[in-house]
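J.: The structure under discussion is supplied below as structure tokens; questions concerning it will follow.
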Amino acid sequence: MKYLLVVLIVFLSCNTTEPTTFNEAALNDTFTTLEGGSIEFKDILKAHEGKNIIIDIWASWCGDCIKGMPKVKALQKAYPDGVYVFLSLDRAQDAWKRGIKKYKVKGEHYYMQDGKDCAFADFVNISWIPRYMLINKVGEIVVFNVIEADDDKLVEALKK
């Protein structure tokens, strides 16, 4: 009986809610632009206030990311008013840029120069890529962690 009580307390005390806003460290994290400049994540979000922002964390070496690109392109076709932000975990900038061209990835592109070793990655807790997130028109994270671009949770949130 004591064991059951301990398990129940541990289970109920776990915070399983997903965040609806980014923390300051993630917002202040810096990404590299295609032109070689730097931009803070908060400025990427600010540039698209009032729009749905679909974030795709990917890499050109990632087989699942590449296999999922047709689903991303279908999502872009179905929801063209969204802003598609691609954050790359490629190991080098030249590979990242080649991957964008090779796979004809349309959207805004940023390179995570520190890969999974940065404040943004810590906040997001990247355990698998591709990884999709949705920031709604009022700036809330409404989809925090899905790994398929056609996930019902993502599609339903885009319909709102």
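The values are calculated or read from the model by the stated rules, or taken from the named source; none is laboratory data. This is a predicted model, so every value here is computed, not measured. Positions of Cβ are backbone-derived with ideal geometry, glycine not excepted, and every protein chain shown enters the neighbour counts. Keep in mind that these areas ignore ligands, DNA and RNA; they rest on the heavy atoms of the full protein, side chains included. Shrake-Rupley method; radii C 1.70, N 1.55, O 1.52, S 1.80 Å.
J.: Of all residues in segment 97-134, which are crowded, with 18+ Cβ neighbours inside 10 Å and among the aromatic types (Phe, Trp, Tyr)?
T.: Tyr110, Tyr111, Phe120, Tyr132
J.: While we're looking at this one, here's another question. Return the residues of segment 96-120 that are closer than 18 Å to Lys67 by Cβ and among the aliphatic types (A, V, I, L, M); say none if nothing qualifies.
T.: Hits for segment 96-120 are Ile100, Val105.
J.: A further question on this structure: Just give me the residues in segment 142-153 being under 10 Å from the mean Cα position of the chain (by Cα) and touching a residue at least 60 places away in the same chain (Cβ under 8 Å), in sequence order.
T.: Those that are under 10 Å from the mean Cα position of the chain (by Cα) and touching a residue at least 60 places away in the same chain (Cβ under 8 Å): Phe144, Asn145, Ile147.
J.: Another question, then. Of all residues in segment 21-39, which are loosely packed, with under 14 Cβ neighbours inside 10 Å, touching a helix residue (DSSP H, G or I) at 6+ places or on another chain (Cβ under 9 Å) and acidic (Asp, Glu)?
T.: Selection gives Glu24 alone.
J.: Open to solvent by 20 Å² or more (accessible area, probe 1.4 Å) and at pLDDT below 95: which single residue out of Glu18, Glu49 fits that description?
T.: Values: Glu49 fails: at pLDDT below 95.
Just a single option satisfies the conditions, and that option is Glu18.
J.: While we're looking at this one, here's another question. Condition first: among the charged types (D, E, K, R), touching a residue at least 60 places away in the same chain (Cβ under 8 Å) and farther than 28 Å from Lys160 by Cα. Can you find one or more residues in segment 92-106 that meet it?
T.: We begin by selecting, within segment 92-106, every residue among the charged types (D, E, K, R); these are 94, 97-98, 101-102, 104, 106.
Then keep just the ones that are touching a residue at least 60 places away in the same chain (Cβ under 8 Å); that gives 97.
Next cut, farther than 28 Å from Lys160 by Cα only: 97.
Scanning segment 92-106 turns up at least one residue that is among the charged types (D, E, K, R), touching a residue at least 60 places away in the same chain (Cβ under 8 Å) and farther than 28 Å from Lys160 by Cα.
J.: Report, by residue number, each residue of segment 121-151 that is of a type in the set (Gly, Ala, Ser) and under 20 Å from Lys71 (Cβ atoms).
T.: Once the filter is applied, which keeps residues that are of a type in the set (Gly, Ala, Ser) and under 20 Å from Lys71 (Cβ atoms), segment 121-151 yields Ser127, Ala149.
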